[in-house]
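To start, the structure itself, in structure tokens.
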């Protein structure tokens, strides 16, 4: 959430950001109004406590002098009751203010382009040569079915739509991509972390806006637990209520399964394994000082680009516009890879900075150069979204005879398998 000092000192920044997102600003005014009431009551309770101290001294003095202090004791009881009632009001106003503050999205970076939806995202750069086929390329869903490397029908029978059984070479490809991406990041100095798959409400609410995310994540009935939508959530919460050493940025390579409802998605994405309820992902995550933010952001997106260059998959990088941004993030760049059958680029990962938005909620701080405690900056970036990347490989590396080649960089991770062979008919 946004630092309360900004609401007090420069609320115009927050209002301008909300307007750029296409949102109203009335909740910002409510935060300011509630905070003013909260601070006013804090002043009042301090005055009451000062009065209580003075009356206590009077009672003590009168008793030492052997005089009656009945009037003062009565007054003490009245002051104590006022303090109790005012403290209760302060607690209610504080909770109201914090709930309102958590609902206000992050302040957008100045570089974020203005726009309403994905059509207004700004292309920054492209890489790779689009594949040419001397046959009509098929979609990944059809290829997977023909090769018999996944079973959607039986998964639907036992689990419902958007679940799957991976089979044969596709299982090996899934594991190969995870190990390939993890090895890549470890060589870059990232510490590998396998995270919990469930978080309690407080931890998850510190990483994301539950108001925005609750419809897309799974709640465990009867428990205060949610299945994670990405390891970023667990990595952000890992240092909750801590003071961390970020003289050098902390960099984690998170590995986890991810769980999402994907409610409302439709069209071709209902087939195959591109948009599913559970998938594997390798995630980059960092806690750092504000002055290291740009360096870490650029490193994260560069890492993902380097991975896709090694896989020889054509891609482009786009800056998300204000209307397509997540509420917790100040800036996001997506990497979109080419899908030949659809003749379009599809999102395979993103790099984002939350600045101190997550650490404000999670109370994660560091000691700055002036020996003062400040909230750290947090950044996240996909290294490998496994199921989507498999779809992309299958489409780009498909052959006329129905087989699929394995990218050269992955062959060592596939026990030397160089292709998924076509099924003989």
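Values in this text are rule-based calculations from the coordinates and carry no lab data. All figures in this text were calculated on a predicted structure; none of them were measured in a lab. Don't worry about glycine lacking a Cβ; one is built from the backbone with ideal geometry, like all the others, and counts go over all protein chains shown.
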Before rounding to the nearest 500, sum -39500 (n - 2.57) across all DSSP H runs of length at least 4 in the chain and divide by the residue total; then give [θ] at 222 nm in deg cm²/dmol. -13500 deg cm²/dmol
Inverse of mean 1/r across different Cα pairs in region 118-420, Kirkwood, Å: 20.1 Å
Take the alpha carbon gyration tensor of region 107-163, find the square roots of its eigenvalues, order them as a ≥ b ≥ c, and report rounded if a/c is under 1.5; if not, report prolate when a/b exceeds b/c, else oblate. oblate
Among 285, 184, 135, 94, what is the fewest-to-most ranking by other Cβ atoms within 10 Å? 135, 94, 184, 285
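Share of antiparallel DSSP beta bridges in region 118-420, in percent to the nearest 5?
Expressed as a percentage, antiparallel bridges in region 118-420 total about 90.
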Binned at 5 Å from zero, the C-alpha pair distances of region 4-103 give percents of 2, 12, 17, 15, 11, 9, 9, 7, 6, 5, 4, 2, 1, 1, 0
Most exposed first, judged by fewest Cβ atoms within 10 angstrom, 167, 5 run 5, 167
Cα gyration tensor shape of region 230-313, rounded if a/c is under 1.5, else prolate or oblate by comparing a/b with b/c: oblate
Cα centroid of region 385-425 to Cα centroid of region 221-258, whole Å: 33 Å
Report the relative contact order of region 366-425, percent, no decimals, based on alpha-carbon pairs under 8 angstrom and at least 6 residues apart. 21 percent
Could you work out the relative contact order of region 313-425? I mean the mean sequence separation of Cα pairs under 8 Å and 6+ apart, divided by the number of residues, in percent. 18 percent
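Quick one: compute the contact order of the chain, relative version, from alpha carbon pairs under 8 angstrom and 6+ residues apart, as a percent.
Relative contact order comes out at 20 percent.
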Order of 154, 132 under a 10 Å beta carbon neighbour criterion, fewest first: 132, 154
Quick check: Cα centre of region 92-166 to Cα centre of region 28-50, how many Å? 44 Å
Checked region 321-387 with the C-alpha gyration tensor, a ≥ b ≥ c its square-rooted eigenvalues, rounded below a/c of 1.5, otherwise prolate if a/b is larger than b/c and oblate if not; verdict prolate
